[in-house]
Amino acid sequence: MKNLLLVCFTLVCLISNKAISQNNYSTTNSKGWKNLFGKNLEFAQYDPAIWKDSSGVLTASKDESIWSKDMYDNFILDLDFQTADGTNSGVIVHATETKEWIPHSVEIQIADDYSSTWSKAEASWQCGAIFGHKPATNKDLKKPGEWNHYTITCIDKKIMIELNGTVVNDCNMDDFTSSKINPDGTKIPGWLYNPMSTLALHGYIGLQGKHAGAPIYFKNIKIKTL
C-alpha cells in the first residue's frame, strides 16, 4: 500500500511539474480547480477589519491568519505571493485548530530571504521551508515587490513544494517523529511541540498575515482536491 501511495504522489508531482512549465507556473487551467476563499472571501474565516481584498490582491494589516471554511485532506494548492522588505509569513496546511494553530499544523514558510534578518536565519526559517523542520533547496526566489508562485501538493503524509516552477521541498511527515530534533540533527523550535508525524491530515488551510512588522500579499489562490 505504501508503495502504491508513493507511486501516486510521484505521478501527481510529474503532472503538476509539466503543467507548470507549460502555463507560466500556473496549474489551474484544467478542470477541478476552485477559489480557496470563494468570491469576495465568502468561503473564508477572517476578520474583515484586518484582511482586505483589493482588485484580487489579498493582504492583512495585522498578524492574524485567514482560514478556509472547509477542511481538506489531499489537495493541490496554487497561489501567487509577493514579499516586502523583511516579510515573514506562511501558508498553513493540515490545521486542526485556527486559534492555537502553530503546534497543530504544518507551515510552508514565506520570507524575504534578501533581508538582513531572514538571510541570516536558520535554513528551516527561510522561504520554501517546512518551517522549523526541513529547509528548501534549489530556490529561485524573486525579490520584494515581485510576484512568486507556490504550488503545494499534499497527499497523505507527503508534502511537495514548488516555487516558481521548481521543486524546492519534498517532505514525508512520517520521518519527523521527534518534537525536539529533526532527522538532519537540527533543533525544532519549542513551540512546535507535536511531532509532525502525529499531526492530523484533515484540516483547514490558512495564510499568515502581517507578521514581524512587514506586509505580505497574495493573489490567485486556487485549490484542487485529490
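Values for this structure:
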| item | result |
| --- | --- |
| Value of relative contact order over the chain, rounded to a whole percent, pairs C-alpha under 8 Å and six or more apart | 30 |
| Ellipticity estimate at 222 nm from DSSP helix runs (n ≥ 4, -39,500 (n - 2.57)) divided over the chain, nearest 500 | -3000 deg cm²/dmol |
| Cα-centre dipole for segment 162-226 with unit charges at Cβ (Lys and Arg positive, Asp and Glu negative), debye to 20 | 380 |
| Of LYS143, LYS157, LYS120, the one that fluctuates the most in a GNM where the chain has Cα springs shorter than 10 Å | LYS120 |
| Over 18 Å (Cα to Cα) - which of LYS62/LYS142; LYS99/LYS210; LYS157/LYS219; LYS120/LYS187 fall in this group | LYS62/LYS142; LYS157/LYS219 |
| Listed residues GLY132, TRP118, ASN172: farthest to the positive end of the dipole of segment 2-225 (Cβ charges) | ASN172 |
| Environment charge at SER197 (Cβ cut-off 11 Å; Lys +1, Arg +1, Asp -1, Glu -1) | -1 |
| Additional length obtainable on full extension of the chain from LYS219 to ALA123, 0.36 nm per residue less Cα span | 32.0 nm |
| Segment SER116-ILE181, extension gain: residue separation times 0.36 nm, minus the distance between their alpha carbons | 20.7 nm |
| Candidate values [x] 1, 6, 11, 13, 13, 11, 10, 8, 6, 5, 4, 2, 2, 2, 2, 1, 1, 1, 0, 0, 0, 0, 0; [y] 1, 7, 14, 18, 18, 14, 8, 4, 3, 3, 3, 3, 2, 2, 1, 1, 0, 0; [z] 1, 7, 15, 20, 22, 19, 11, 4, 1, 0, label of the one derived for P(r) over Cα pairs in 5 Å bins from 0, in percent | [z] |
| Of GLY90, GLY206, GLY32, the one that fluctuates the most in a GNM where the chain has Cα springs shorter than 10 Å | GLY32 |
| Separation of the LYS52 and GLU64 label points, Cα + 7 Å toward Cβ, nm | 1.5 |
| Loop chymotrypsin sites (Phe, Trp or Tyr not before Pro), segment 176-226, which have at most 13 other Cβ atoms in a 10 Å radius of their Cβ (DSSP) | TRP191, TYR193 |
| Point-charge dipole on Cβ atoms (K/R +1, D/E -1) for the chain, about Cα centre, debye to 20 | 340 |
| Around ALA129: net Lys/Arg minus Asp/Glu count, Cβ-Cβ under 13 Å | -3 |
| Segment 171-196 versus segment 93-114: alpha-carbon centroid distance in Å | 14 |
| Efficiency of FRET from Cβ geometry, LYS99 and ASP140, R₀ 25 Å, rounded to 0.05 | 0.10 |
| Within a Gaussian network of the chain (alpha carbon springs, distance under 10 Å), most fluctuating of PRO144, PRO189, PRO215 | PRO189 |
| Convex hull per residue volume in Å³, alpha carbons only, for segment 84-174 | 98 |
| Total formal charge among the other residues, if their Cβ is under 14 angstrom from that of LYS120, Lys/Arg +1 and Asp/Glu -1 | -3 |
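Bear in mind that the values in this text are calculations on the coordinates, not laboratory data. All of these numbers come straight from a predicted model, not from anything done at the bench. When we count neighbours, we look across all protein chains shown, and the Cβ atoms used for this are built from the backbone with ideal geometry, even at glycine.
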